[in-house]
Amino acid sequence: MSDQNLQLKKLVKFHQDSAGYYYACANITTEDDLRELFKSLAEGRSQMAVSLKSLLSEEVDKELWMLRNVLSYLQQGWRNMKLALIANNRPEILRHCLKNEHEVLGNYEQIIYGEEESDEVFRQSIYHQQLLKMSIERILSTPYVKFSRQKNLRTDLMAKAA
């Protein structure tokens with residue numbers, strides 16, 4: 001199995017797990033804007049998993065379950081996010097989402113700069129990076145103070161940098 005195939009399989013599993021967790025968070029939250037954000041992120045991740053899976057062989061389903069242990073570190077982060085949802089800690093929820101999106105974005109870098117990528121894998125990876133960057137923009141633009149549309153992670157980060 002090539003390194004590229006292993007990386008693609010990890011990304012498929014990562015996207016599948018992330019979609020499931022985002023859907024679960026959408027069901028937990030009582031805030032409409034967060035529910036919409038989580039559903040959107042989940043749908044995007046599901047679509048990315050399907051498109052990457054189409055680049056792999058039919059045996060991928062048999063092998064993906066083996067990656068569950070490799071990716072178990074995700075569960076701790078998602079557990080923290082669910083706890084933040086229960087505590088209505090919007091800034092913490094959004095930080096976890098942002099961290100997750102950046103982590104996946106970094107995984108695509110490994111594929112793009114790898115030596116053995118095919119044209120289709122390269123094209124899909126670039127497209128998925130663009131989608132992830134749009135998700136990051138959406139997370140950064142989401143208000144982190146309830147009932148206030150003026151504060152979000154982007155404005156807060158800019159204010160701290162000034």
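We did not get these values from a lab; they are worked out from the coordinates using the rules stated. Small disclaimer: the values here were computed from a predicted structure and weren't measured.
Points to keep in mind about this one:
- Pairs beyond 19 Å (Cα-Cα), from LYS39/LYS133; LYS39/LYS99; LYS39/LYS82; LYS13/LYS99; LYS53/LYS133; LYS9/LYS53: LYS53/LYS133
- For the stretch 21-30, 3J(HN,Hα) computed residue by residue from phi via the Karplus equation (6.51, -1.76, 1.60; θ = phi - 60°) reads 5, 5, 4, 4, 5, 4, 6, 7, 5, 9 Hz, glycine and proline entered as x.
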